[in-house]
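Undergrad: Quick one: the structure is below, and I'll ask about it shortly.
The values are calculated or read from the model by the stated rules, or taken from the named source; none is laboratory data. Owing to the predicted nature of the structure, the values given are computational and were not obtained by experimental measurement. Backbone-built Cβ (ideal geometry, glycine too); neighbour counts: all protein chains shown.
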Amino acid sequence: MPRYFQAVFLALHELVVKKSMVVSNSTGLITRLFDCGKNIQIQDGGRWGADNRSKTVDSVVGWIQGFFEEDKNPDPAKVHWVTKFQNLLTNSITEQAAYDFKQGFYTLSPHPSFDEGSFDKIMETCVAISNIGKGHKGYVLVGVAENAQTAARVQEIFGSQSLPFGGFYVTGVDHEADRAGKSLDQMFQDITERVGRSQISEPLRSYINSHLKCVKYYDKTVFVFEVVGQEIPSHLGGKWP
């Protein structure tokens, strides 16, 4: 039974995740998958070799692909980003130097405003991560609190409850956009412009700006600053964090 499940699961993964397709005919797909085991050729024996498994998955893909179509409006809330984001949080535990977290861009005061000092610190952290070594990759995740106290403060100020995962608390930045009267697209544009005006040396500044992501973790939006070590050390306005 597990092999039949794997064949169908991996075929769906190929279509939905790798090919970014969406179901166009759910009724037809359900009908096609009903009692489909009798039509899936599974290798007998103790070990299911990779080649045989791949051929079986390919046959299932061909069998159900007609019920899918290209996703013309890709949604950043796709499940694969949920998994990827969780992997980032998990990996940060063992690679602490390459990760940093901020609960958001705004202060947690009774009258929240954009935290210029915190943003400058984000830029400084990006440079420091880059200087760990050439090709070394790291991340700054904005919209993630590292303790329950900070998450509780976010809820107190903004009325937004966090999502716990692995000792972290995903607060998101949606409540900040609402407080500022901006859409998330406007907020993203504002942050990219701030990065572009920062004193981070090139080519790191352009790399960060072009790889900045605004991703969805369930109902929370998180900004992901991706950093990679450049050919030469990077600096921030002549300072070397």
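Undergrad: Quick check on my filter: what residues within the stretch 165-187 are over 16 Å from the mean Cα position of the chain (by Cα) and not in a loop (DSSP other than H, G, I, E, B)?
TA: Passing the criteria: 175, 176, 177, 178, 179, 180, 185, 186, 187.
Undergrad: To continue, here is another question. Could you figure out which of (1) in contact (Cβ under 8 Å) with a residue 24 or more places away in the chain; (2) surrounded by fewer than 20 Cβ atoms within 10 Å (Cβ to Cβ) isn't true of residue 176?
TA: Here residue 176 meets the rest and fails (2).
Undergrad: Next up: Out of 165, 158, 188, I need the residue that is closer than 30 Å to residue 233 by Cβ and either aromatic (Phe, Trp, Tyr) or assigned by TED's automatic domain parsing to the domain that holds residue 212 (or both). Which one?
TA: 188
Undergrad: Related question: Quick check on my filter: what residues within the stretch 81-100 are closer than 21 Å to residue 154 by Cα and more than 14 Å from the chain's Cα centre (by Cα)?
TA: Result: 100, single match.
Undergrad: While we're here: Could you count how many residues in the stretch 25-44 are at pLDDT 80 or above and surrounded by 13 or more Cβ atoms within 10 Å (Cβ to Cβ)?
TA: 5
Undergrad: Could you list, in sequence order, all residues of the stretch 188-217 that are of a type in the set (Ser, Thr, Tyr), more than 11 Å from the chain's Cα centre (by Cα) and outside any helix (DSSP H, G or I)?
TA: 198, 201 - these are the residues of the stretch 188-217 that are of a type in the set (Ser, Thr, Tyr), more than 11 Å from the chain's Cα centre (by Cα) and outside any helix (DSSP H, G or I).
Undergrad: Answer yes or no as to whether residue 133 is closer than 19 Å to residue 90 by Cβ, modelled with pLDDT under 95 and either assigned to a strand (DSSP E or B) or not hydrophobic (A, V, I, L, M, F, W, C) (or both).
TA: no
Undergrad: Related question: Would you pick out the residues in the stretch 45-97 that are touching a strand residue (DSSP E or B) at 6+ places or on another chain (Cβ under 7 Å), modelled with pLDDT of 80 or more and aromatic (Phe, Trp, Tyr)?
TA: Hits for the stretch 45-97 are 67, 68, 85.
Undergrad: Just the residues that are in a loop (DSSP other than H, G, I, E, B) and surrounded by fewer than 19 Cβ atoms within 10 Å (Cβ to Cβ), please, taken from the stretch 141-164.
TA: Those that are in a loop (DSSP other than H, G, I, E, B) and surrounded by fewer than 19 Cβ atoms within 10 Å (Cβ to Cβ): 146, 147, 159, 161.
Undergrad: Something else now. Can you confirm whether the stretch 102-125 contains a residue that is in a helix (DSSP H, G or I) and touching a Pro at 6+ places or on another chain (Cβ under 8 Å)?
TA: yes
Undergrad: Of a type in the set (Phe, Trp, Tyr), in contact with an Asp or Glu (Cβ under 9 Å, 6 or more places away or on another chain) and touching a residue at least 60 places away in the same chain (Cβ under 8 Å): is that true of residue 168 in this structure?
TA: Criteria met by residue 168.
Undergrad: Would you pick out the residues in the stretch 202-241 that are in contact (Cβ under 8 Å) with a residue 40 or more places away in the chain, in contact with a Ser or Thr (Cβ under 7 Å, 6 or more places away or on another chain) and either more than 30 Å from residue 165 (Cβ to Cβ) or among the polar types (S, T, N, Q) (or both)?
TA: Residues satisfying the conditions are 230, 234, 235.
Undergrad: Please enumerate the residues belonging to the stretch 103-150 that are acidic (Asp, Glu) and touching a Ser or Thr at 6+ places or on another chain (Cβ under 6 Å).
TA: Hit for the stretch 103-150 is 115, nothing else.
Undergrad: On the basis of being touching an Asp or Glu at 6+ places or on another chain (Cβ under 8 Å), among the polar types (S, T, N, Q) and free of Cβ contacts under 8 Å to residues at least 24 places away in the same chain, does residue 192 make the cut?
TA: The answer is no for residue 192.
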